[in-house]
Amino acid sequence: MTRPRSFRIALGAALLASTPLAAASTPETPDLTVTLAPLADPSGALTRMNVVIRFENPLHDGALAAIALTANTVETSAATMEGLVFTDAKGVIPVAVNDARQDGDNVDRKWTPQRPVEGPVTLAYRVAIDPHQPELAKPQYELRAADGGLSGSGKAFLVLPADDRLRNVSVHWDLSHAGAAARGISSLGAGDAVSSHPLRPAELADTYYMAGQIGSYSKGAFFGAWQGRFGFEAPELMSWAARLQGFYGTFFDQRPASFGVFARTNRLNPGSGIGLTDSFAFTFSDTTPITDLQSLLAHEMVHAWINSLSGSMDAPGGLNLSWFGEGLAVHYQRMLPWRAGLISQQAFLDDLNSTAARYYTNALIAMPNDRIADGFWKDTRIRVLPYDRGSLYFAKVDADIRHASQGKRSLDDVVRKMLAERRAGKPMDLALWKRLLGEELGAQGLADFDRMLAGETVLPPSDAFGPGFERVVKPLQRFDLGFDPLVLVSPDRVVKGLEPGSAAALAGLQNGDRILNRFPQDALQGKQDATLTLQVEREGRRFSLTYRPRGETVPAYQWQART
């Protein structure tokens with residue numbers, strides 16, 4: 001299809017502006033340059049963006065470039081991008097397109113050249129952003145135009161080399177058509193920026209981008225950017241995060257050249273986050289308490305030190321290994337801010353007891369680890385298990401190591417050893433974890449690990465969190481929607497499997513009702529008094545029902561300050 005002349009001119013201008021910045025890394029490493037030109041519509045909203053990517057040392061066999069069509073269930077801009085053209089020293093490169101499903105949640109699109117490629121490759125295209133797209137209770141990857149800006153993850157809109165090669169990366173912003181006082185910030189830093197070290201395409205896909213009328217903050221190696229308005233002064237949260245980032249650098253014995261956080265509004269799913277390369281992104285609403293976001297920041301920032309390109313461990317494993325990365329992040333999201341003096345004792349207990357309540361009341365608490373991946377995106381009770389079970393397992397391991405070593409060592413020492421192995425170029429994998437665990441706790445520790453993976457309930461000792469706390473038992477109610485949870489991930493969302501006598505049934509919900517609204521459930525499980533409002537359609541009539549999604553009362557472990 002022939003594109004309008006204005007589109008061709010805009011892309012041409014972007015191509016001229018895509019001269020690589022001076023690389024900050026080794027000259028022998030090839031370069032990759034990303035040039036982004038956000039375009040405002042007549043209302044001032046940034047609803048389009050021209051993208052130009054130039055990379056050296058392309059593959060000469062197989063696919064040339066790739067992007068995700070669907071990333072962890074999120075539809076990207078790949079299906080709607082316009083005018084994609086590949087060029088090299090010989091001119092336009094004819095390409096063939098192939099889509100491949102990796103699993104139920106991820107689909108990739110790849111382009112294969114139909115002739116030999118000569119020299120660096122440049123590709124250019126435009127992406128459109130629908131300013132009316134609904135907010136999602138999913139990972140915040142997609143390009144979103146709102147609150148005077150646009151933002152999104154690289155994996156949602158960057159067509160990148162289909163290889164695993166390291167390249168010096170530079171990001172250039174052309175903001176000439178983005179409105180007065182517009183600014184651009186990426187995971188590499190504010191404005192035009194270069195990577196502090198070479199990146200692989202998968203690492204570049206896990207960078208974030210924000211542009212337009214946005215807020216910003218910087219202090220030392222830390223920087224932040226946000227779309228929209230918090231219900232408090234933004235610098236208060238960003239300053240807190242900067243201090244925590246410095247504490248993390250000391251604790252993990254590794255200080256990144258820079259670390260950034262990106263925040264955008266999502267009233268449907270505030271308080272969600274995604275870990276990224278040297279950064280992370282999170283959502284908020286104008287009513288989200290600062291304490292909730294501090295806990296979220298503390299969690300996601302742990303991933304910056306724990307996670308690698310492969311995930312939390314340097315080996316494929318996906319959700320089967322999430323007990324490690326997510327469990328450690330939950331464990332440290334409360335322990336480290338408390339040690340740093342950045343949260344109160346009550347905030348520490350509130351965070352701990354929310355996790356413990358969700359775990360010990362979970363009707364699926366005994367599900368083996370190897371079955372979690374199959375139901376992770378289908379049932380919130382399954383999705384939270386790696387977080388809750390993993391964190392309490394690490395609390396138990398920490399207590400066991402302290403006891404066995406008479407206070408000389410702890411879980412912290414094991415984690416630092418694992419990270420040191422990674423920095424030395426050795427794999428930080430399951431074999432390393434089991435070796436170090438065996439050195440500290442012997443056969444008993446390895447047997448406890450296997451029992452945890454098999455679904456046996458994890459119970460840290462009463463003083464696992466220090467001599468100032470003790471474990472108690474309290475009657476708490478299980479999370480219970482009152483109907484088949486698969487309804488919420490089905491296309492029609494029609495209620496079935498309604499439990500007679502459940503809170504949902506008593507509120508008036510019926511089999512055959514259609515649920516119209518979407519809502520997050522993970523945090524809901526940890527809040528005993530929280531209510532759920534369903535927007536329902538029945539026989540052409542629409543109405544709402546509100547109830548507490550709770551069921552059976554069971555004894556659950558909690559911790560309190562020792563009296």
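Things worth noting here:
- Each residue of segment 325-339 was assigned a 3J(HN,Hα) from its phi angle through the Karplus expression (A = 6.51, B = -1.76, C = 1.60, θ = phi - 60°), giving x, 6, x, 5, 4, 5, 4, 7, 5, 9, 5, 6, x, 5, 4 Hz with x at Gly and Pro.
- Pairs exceeding 20 Å between alpha-carbon atoms, taken from Lys110/Lys155; Lys138/Lys378; Lys110/Lys426; Lys474/Lys527; Lys396/Lys434: Lys110/Lys426.
- Cleavage-rule hits (GluC sites (Glu not before Pro)) in segment 149-253: DSSP loop, at most 16 neighbouring Cβ within 10 angstrom: Glu233
- DSSP beta bridge pairing in the chain, given as percent antiparallel to the nearest 5: 85 percent
- Listed peptides 502-515, 69-82 appear in the order 69-82, 502-515 once ranked by packing, highest mean of other Cβ atoms within 10 Å at the front.
- Computing Rg and Dmax of the Cα atoms in Å for the structure here picks out one of (i) 32.3, 115; (ii) 24.6, 78; (iii) 35.1, 128, namely (ii).
- Around the Cα centre of segment 472-555, unit charges on the Cβ atoms of Lys, Arg, Asp and Glu (plus for the first two, minus for the last two) sum to a dipole of about 180 debye.
- Cβ-based net charge around Glu456, under 12 Å, with every Lys or Arg adding one and every Asp or Glu removing one: +1
- The listed peptides 175-184, 530-539, ordered by packing as a protection proxy, come out as 175-184, 530-539 (highest mean of other Cβ atoms within 10 Å first).
Here, each number is a calculation from the coordinates, and none is a lab measurement. Keep in mind it's a predicted model, so treat the numbers as computed, not measured. All Cβ positions, even for glycine, are placed from backbone atoms using ideal geometry, and neighbour counts span all protein chains on display.
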